[in-house]
1. Suppose we keep only residues that are outside any loop (DSSP other than H, G, I, E, B) and buried (at least 16 other Cβ atoms within 10 Å of the Cβ) within the range 98-119. Which one would you say is modelled with the lowest pLDDT?
2. Is there any pair with a first residue in the range 118-135 that is within 14 Å of residue 163 (Cα to Cα) and a second that is in a helix (DSSP H, G or I) whose Cβ atoms are under 7 Å apart and which are 6 or more apart or on different chains, and what are they?
3. Among all residue pairs at least 6 apart or on different chains, which show Cβ distances below 6 Å where the first residue, located in the range 76-90, is part of a loop (DSSP other than H, G, I, E, B) and the second is surrounded by 15 or more Cβ atoms within 10 Å (Cβ to Cβ)?
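The values are calculated or read from the model by the stated rules, or taken from the named source; none is laboratory data. Everything numeric in this text was worked out from a predicted model, so none of it was measured. In this analysis, Cβ positions are derived from the backbone assuming ideal geometry, glycine residues included, and neighbour counts consider all displayed protein chains.
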């Protein structure tokens with residue numbers, strides 16, 4: 001049981017580190033742009049600095065140092081980092097091992113990680129952007145947006161807001177995560 005808690009803690013820490021990187025890298029340009037409108041006479045960041053790292057080598061040097069330290073500190077076996085800049089893949093690299101026993105290194109294109117609830121932040125952000133643009137309505141029957149039909153099981157239709165708030169009435173049994181013995185586990189890719 002304590003091993004499971006340790007694994008969960010390591011996963012939470014690694015996800016937190018990756019989210020922090022995403023936030024820092026995605027907001028650095030806008031924060032520096034705000035400085036430019038600040039007090040006259042202050043040192044103003046150049047356009048190149050506002051864009052963040054300008055080449056892959058600079059990004060790699062930064063992340064190599066950071067991830068080596070954090071992975072060691074928090075006993076993280078492996079991680080993958082991908083950075084998108086201007087709508088294109090700017091950097092992708094695996095760190096550590098995907099399989100400690102076999103010494104298989106993390107491959108950023110092939111190694112899968114369970115990221116679970118972390119995706120909710122990105123999904124909600126995308127949905128809310130589309131709602132602001134008038135392309136989605138949070139209170140409309142979800143079947144309007146699907147290419148399959150969710151049966152009517154309640155007096156009122158299930159809405160996007162219900163799905164996003166986990167109030168649609170679906171049960172999540174975590175069947176793929178809980179097993180009585182190892183033979184019952186479903187491979188992560190499946």
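1. To start, the set of residues in the range 98-119 that are outside any loop (DSSP other than H, G, I, E, B) comprises 98-99, 104-105, 118-119.
With buried (at least 16 other Cβ atoms within 10 Å of the Cβ) added as a condition, the list becomes 98, 118.
Numbers: 98: 94, 118: 81.
Here the answer is 118.
2. Final answer for the pair search is 124/164; 127/160; 127/164.
3. Correct list of pairs: 76/10; 76/14; 77/96; 77/97.
So that you can scan it fast, the table gives a plain yes or no per residue for (1) touching a strand residue (DSSP E or B) at 6+ places or on another chain (Cβ under 8 Å); (2) part of a loop (DSSP other than H, G, I, E, B); (3) surrounded by 10 or more Cβ atoms within 10 Å (Cβ to Cβ); (4) at pLDDT below 85:
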| residue | (1), (2), (3), (4) |
| --- | --- |
| 126 | no, no, yes, no |
| 149 | no, yes, no, no |
| 161 | no, no, yes, no |
| 173 | no, yes, no, yes |
| 183 | no, no, no, yes |
| 186 | no, yes, yes, yes |
| 189 | no, yes, no, yes |
